[in-house]
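A.B. asks: Shown below is the structure under consideration.
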Amino acid sequence: MADTVLYEVSDGLATITLNRPEAMNALDIATKVALREAAESAAGDTAVRAVLLTAAGDRAFCVGQDLKEHIGLLASDRETGSGQTMTTVREHYNPIVRALAGAPKPVVAAVNGVAAGAGFGFALAADYRLVADSASFNTSFAGVALTADSGISWTLPRVIGPSRAADLLLFPRSISADDALELGIANRVVPLAELRAEAGKVARALASGPTVAYAAIKEAVAFGLTHSLAETLEKEDELQTRAGRSEDHAIAVQAFVDKEKPKYLGR
């Protein structure tokens with residue numbers, strides 16, 4: 001894995017850190033490959049019970065595609081006719097978003113600065129977003145004559161509604177942390193100096209929680225967004241049966257009776 005993405009697992013928490021602060025954590029090819037590997041590792045590792053996605057530095061979470069590299073790749077495409085530059089959505093962005101959004105465990109994004117383009121998309125793929133008071137969001141795509149990617153055409157309308165999503169996509173602009181909170185893009189806004197500590201606290205609490213239930217909650221919500229009420233009720237029955245058979249459920253019930261704090265096993 002490239003050193004532009006750091007990956008660490010401790011006490012059931014996988015921390016993925018974008019590590020190109022000098023480039024505002026822009027996504028060059030090496031970073032996209034490393035982020036894909038990290039996200040897929042975290043999603044598939046049964047020892048990982050929660051994921052924290054964050055970034056180095058104070059200026060940016062991720063400003064999306066590295067346009068300096070992109071310009072060179074476009075020039076190469078024109079010379080060779082290969083069209084390889086525009087495969088990055090299929091090869092990189094889509095697998096990253098699938099891994100984050102589809103992980104059977106909670107994913108927390110700690111947004112420390114600008115989140116633009118695919119950076120915005122990756123933040124939206126998380127289940128919970130803590131945002132620094134100095135951070136901002138920008139769809140960016142139309143500003144460089146591109147359409148939405150990194151899942152934003154699916155996630156953003158579901159978070160803020162289709163009309164507001166169309167507005168932000170057609171007229172890209174910076175959305176402040178406070179406005180993001182009002183729109184529902186941010187779950188919490190905290191001072192930048194407190195962001196990493198607060199995000200770690202939230203992520204560790206989730207990692208020590210009933211992760212079988214968390215996985216079922218994620219699956220139920222995703223299913224309900226695209227299915228009828230009748231189908232969703234059937235899905236809830238299936239998932240509740242699974243959760244009810246888990247060791248964590250038995251532990252939680254016994255702890256409630258004993259008036260003790262449950263110690264979940266994640267199974």
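Nothing in this text is a laboratory measurement; each read-out follows from the coordinates by a stated rule. The structure displayed is predicted, hence computed values, not measured ones. So basically every Cβ, Gly included, is an ideal-geometry build from the backbone, and we count neighbours across all protein chains shown.
A.B. asks: Mean-square fluctuation check for the chain, GNM, Cα pairs under 10 Å: which of ALA43, ALA55, ALA230 is largest?
C.D. replies: Of ALA43, ALA55, ALA230, the Gaussian network model singles out ALA230 as fluctuating most.
A.B. asks: Follow-up. How far is helix 67-80 tilted off the main Cα axis of the chain, in degrees rounded to 10, range 0 to 90?
C.D. replies: It is inclined by approximately 60 degrees.
A.B. asks: Then there is this: Under 5 Å between amide hydrogens, which residues at least 5 positions from LEU13 or on another chain qualify, with H placed 1.01 Å from N in the peptide plane?
C.D. replies: Under 5 Å from the amide H of LEU13 lie the amide H atoms of ARG49, each far enough along the sequence or on another chain.
A.B. asks: Amide H neighbours of ALA135 under 5 Å, counting only residues 5+ apart in sequence or on other chains, H built in-plane at 1.01 Å?
C.D. replies: ALA177
A.B. asks: Rounded if a/c is under 1.5, else prolate if a/b beats b/c, else oblate: with a ≥ b ≥ c from the C-alpha gyration tensor eigenvalues square-rooted, which is segment 5-207? Intermediate results must be reported in sequence, preceding the final value.
C.D. replies: Details: a/c = 1.66, a/b = 1.24, b/c = 1.34.
It is oblate, given that a/c is not under 1.5 and a/b is not larger than b/c.
A.B. asks: Let me make sure I get this right: for segment 170-267, a, b and c are the square roots of the gyration tensor eigenvalues over alpha carbons, sorted descending. Under 1.5 in a/c it's rounded, otherwise prolate if a/b > b/c, else oblate. Which is it?
C.D. replies: oblate
A.B. asks: Percent antiparallel among DSSP beta bridges with both residues in the chain, to the nearest 5? All intermediate terms of the calculation are to be shown ahead of the outcome.
C.D. replies: Numbers: 8 of 30 bridges.
Expressed as a percentage, antiparallel bridges in the chain total about 25.
A.B. asks: How large is ³J(HN,Hα), in whole Hz, for each residue of segment 35-44 in order, when computed from phi with the Karplus curve 6.51 cos²θ - 1.76 cosθ + 1.60 and θ = phi - 60°, using x for Gly and Pro?
C.D. replies: Listing the rounded values in order: 5, 4, 4, 5, 5, 5, 5, 5, 5, x Hz.
A.B. asks: For a test of the definition: using alpha carbon positions, the gyration tensor, and the 1.5 limit on a/c, classify segment 211-258 as rounded, prolate or oblate.
C.D. replies: Values: a/c = 3.34, a/b = 2.52, b/c = 1.33.
Prolate.
A.B. asks: Based on Cβ point charges of +1 for Lys and Arg and -1 for Asp and Glu, what charge dipole magnitude is obtained for segment 1-155 about its Cα centre, in debye rounded to the nearest 20? Before the final figure, lay out each step's value.
C.D. replies: On the way: 11 positive and 17 negative charges, 66 e Å.
So the dipole magnitude of segment 1-155 works out to roughly 320 debye.
A.B. asks: Taking the Cα centre of the chain as origin, sum charge times position over the Cβ atoms of Lys and Arg (+1) and Asp and Glu (-1), and report the length of that vector in debye to the nearest 20. All intermediate terms of the calculation are to be shown ahead of the outcome.
C.D. replies: On the way: 26 positive and 33 negative charges, 48 e Å.
The calculated dipole for the chain is roughly 240 debye.
A.B. asks: Spelling out what I want: for every residue of segment 120-126, take phi, set θ = phi - 60°, compute 6.51 cos²θ - 1.76 cosθ + 1.60 (Karplus), and round to whole Hz; glycine and proline get x.
C.D. replies: 3J(HN,Hα) across segment 120-126, in whole Hz: 5, x, 5, 4, 5, 6, 6.
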